[in-house]
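Asker: Sharing a structure here in structure tokens format.
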Amino acid sequence: MNAFGIFLSSLFLATASHANVNDFLNEASATGKAAHDSVSQDTLAHWNATSNQSYAQNKTLIDQIIEQSRQGAPIAQKGQTVDGAVLFVSFSMPEPLLFSLSDEAASYKIPVVINGLIEGDFKKTITAFSKLHAKAKESKWAFNGVSIDPLWFEQFHITAVPALVVSKRPSSCGQQLICPEQTYDVVYGNASIKNSLQLIAQKGDSANEVAQALLENTHV
């Protein structure tokens, strides 16, 4: 991944799903009439209906993400710096824990980050996120997007998840993506976001004021 991060959201998944039929038809045309004729009209109609249904189900969420992007909210990351709190997770975590922490992080506006692609495969990562997003939505958990940014894992020496990092970035760091001068507090384990922030606010060495501000400015 080097200096680049990726943001996965249901916006990408829904639009990608809607394009599946056209992609298939283009491929079928390229491989010749025989390949195209081997696909029944019923199958094509089913794919088209499924694709349209998926798009319709996600349209509200798509509109929300588009509006956020118009207001300046990032929908992609390219080695961004960290100032505040970050929740580090993995798709291999137990789903109830992943969903509950991600949902709570959303209420604090804390970004959720994973270390890299599943087996280095973008398609597998998208598929995994799609399944998790669908399950979370059924249970009404907020799990609408995660960032992929190994630089953040390196910056804060994260070797286990879940982990909540709270940090105040000093001005001396400038534009450095990885700044050795940036100190931080980290809480590992299954504690809630609120409890972790309270622990850092009370006993943190580097970012207790940042944690306290997050607690005071968010009503959860």
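What follows is calculated from the coordinates using simple rules that are stated; it is not laboratory data. Being a predicted model, the structure only gives us computed values, none of them experimental. Ideal geometry is used to build each Cβ from the backbone, glycine not excepted, and the neighbour counts take in all protein chains shown.
Asker: Could I have the simple spin-label model distance between Ser107 and Lys124, label points 7 Å from Cα toward Cβ, reported in nm to one decimal?
Answerer: Placing both labels 7 Å beyond Cα along the Cβ direction yields 3.5 nm.
Asker: Please work out how many pairs of lysine residues in segment 84-217 are eight or more positions apart (or on different chains) and have Cα atoms closer than 18 angstrom.
Answerer: Value for segment 84-217: 8.
Asker: Neighbour counts of other C-beta atoms within 10 Å: give me Asp205, Asp185, Asp149 arranged from fewest to most.
Answerer: Values: Asp205 9, Asp185 24, Asp149 28.
Ordered by Cβ neighbours within 10 Å, fewest first: Asp205, Asp185, Asp149.
Asker: What's the exposure ranking of His133, His157, going from fewest to most Cβ atoms within 10 Å?
Answerer: On the way: His133 22, His157 10.
Listing His133, His157 from fewest to most nearby Cβ atoms yields His157, His133.
Asker: A further question on this structure: Treat each spin label as a single point 7 Å out from the Cα along the C-beta direction, and report the Ser192 to Ser172 distance in nm.
Answerer: 3.8
Asker: Loop only by DSSP, 12 or fewer other Cβ within 10 Å of the Cβ. Give me the trypsin sites (Lys or Arg not before Pro) in segment 113-162 that pass, ordered by residue number.
Answerer: Working: sites: Lys123, Lys124, Lys131, Lys135, Lys137, Lys140; in loops: Lys140.
Filter output for segment 113-162: Lys140.
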